[in-house]
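Read through the structure below, which is laid out as structure tokens, and then see the notes.
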Amino acid sequence: KTRVYDSDLNSVVKVIRETIPLLSTYGSSWKTVEFKDEDSLTTTKIGVEVPVVAFTDDLTVTIEELESGDIQVNVRSQSRVGKSDFGENARHVRKLLKALDEKFSK
């Protein structure tokens, strides 16, 4: 899923970092496990652990500054084990994007 926000890279990264621990699944909070700058001027990647009952899913958020100056956010969620997630990964992505849409809505 991709979103484009009319903001700056630092503001979007800050909001994402502040939002992640506020989100939860089945009563367990999400946790940032990795935060790395691929190209500190234009791209940042954030890794997130999402606890799901006895399992943990991995969420990757890639934030990139476009030539237009807007910020593009891509979110990907993947289960660590199993063949079916019963739609859980899609729910993780929608939950984070909904929170970001609310923060950056005009």
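For the chain, what relative contact order do you get, as a whole percent, if you take Cα pairs closer than 8 Å and at least 6 residues apart?
Across the chain, relative contact order equals 27 percent.
At what distance in angstrom do the alpha carbon centres of the stretch 57-106 and the stretch 13-38 lie from each other?
Centre-to-centre distance over Cα atoms comes out at 11 Å.
Based on DSSP H runs of at least 4 residues, each adding -39500 (n - 2.57), what is the mean residue ellipticity at 222 nm of the chain after dividing by all its residues, to the nearest 500 deg cm²/dmol?
So the calculated ellipticity at 222 nm is -8500 deg cm²/dmol.
Roughly what % of Cα-Cα distances in the stretch 22-98 sit above 15 Å, to the whole percent?
Beyond 15 Å sits 57 percent of the P(r) for the stretch 22-98.
Using the beta-carbon distance between Lys103 and Lys83 and R0 = 35 Å, what value does 1/(1 + (r/R0)^6) give for FRET efficiency, to the nearest 0.05?
0.55
Which value, in debye to the nearest 20, gives the size of the charge dipole of the chain about its Cα centre, when Lys and Arg are +1 and Asp and Glu are -1 at the Cβ?
That gives the chain a dipole magnitude of about 540 debye.
Taking a probe of 1.4 Å, how large is the accessible area per residue of the chain, in Å²?
Solvent-accessible surface per residue comes out at 61 Å².
The values are calculated or read from the model by the stated rules, or taken from the named source; none is laboratory data. The model shown is predicted, which means the values in this text are computed figures rather than measured ones. Every residue, glycine as well, gets a Cβ built from its backbone with ideal geometry; the counts of neighbours run over all protein chains shown. Accessible surface areas use protein heavy atoms only, side chains included; no ligands, DNA or RNA. Shrake-Rupley method; radii C 1.70, N 1.55, O 1.52, S 1.80 Å.
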